[in-house]
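Please read the structure below before turning to the comments.
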Amino acid sequence: MTARVVTLDLDGVRDKAGLMDRCARDLRLPDWFGRNWDALADVLSDPGLWSKGGVGEETVVVVRHWERYAEARPEEWATAREVFAEAAALTVALALGGSS
C-alpha cells in the first residue's frame, strides 16, 4: 500500500476560525466545506475526497506547529483532536517536534 502525505501547518493559528481556514487551505477542502466541527468530521470521513490515487492509497495528514494553538485554546484543541481521531477516511498524525 502507498501513502499520500499532506501537511496541515497550524503555525500562526490561534482560534477555531483560523484552524478551519487552514484546514480548508492546506487540505484543499471543497468550497462547500462549512468550517465547523461537524463539517470537518464529515470531510475527514468521506472516502470520496481522499481516494484520489485509487484503491490501496492511504492519505496521511501530518499536523505541524499545533502546540501554540493547543496552548491558547485547549478546549478547541481537545475537540479538534477528537475530530482527527475519528477521521474514517484518512490517518491524522501530530508532528512532535523538530523543525522539519
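The values are calculated or read from the model by the stated rules, or taken from the named source; none is laboratory data. Predicted, not measured: the structure shown is a model, and the values here were computed from it. Cβ sites come from the backbone with ideal geometry, for glycine too, and all protein chains shown count toward neighbours. With ligands, DNA and RNA removed, areas are computed over all heavy atoms of the protein, side chains included. Shrake-Rupley method; radii C 1.70, N 1.55, O 1.52, S 1.80 Å.
Restricting 59, 79 to residues that are open to solvent by less than 60 Å² (accessible area, probe 1.4 Å), outside any loop (DSSP other than H, G, I, E, B) and modelled with pLDDT under 95 narrows the list to 59.
Number of residues in the range 1-17 that are within 15 Å of the chain's Cα centre (by Cα) and either surrounded by 13 or more Cβ atoms within 10 Å (Cβ to Cβ) or closer than 17 Å to residue 44 by Cβ (or both) equals 9. Only one entry in 88, 93, 41 is open to solvent by less than 50 Å² (accessible area, probe 1.4 Å) and out of contact with any strand residue (DSSP E or B) (no Cβ under 8 Å at 6 or more places or on another chain), namely 41. Checking the stated criteria, residue 11 turns out to be touching a Lys or Arg at 6+ places or on another chain (Cβ under 9 Å), part of a loop (DSSP other than H, G, I, E, B) and at pLDDT 95 or above.
Mind listing whichever residues of the range 14-48 are outside any helix (DSSP H, G or I), among the basic types (Lys, Arg) and closer than 19 Å to residue 70 by Cα? Across the range 14-48, the qualifying residues are 14, 35.
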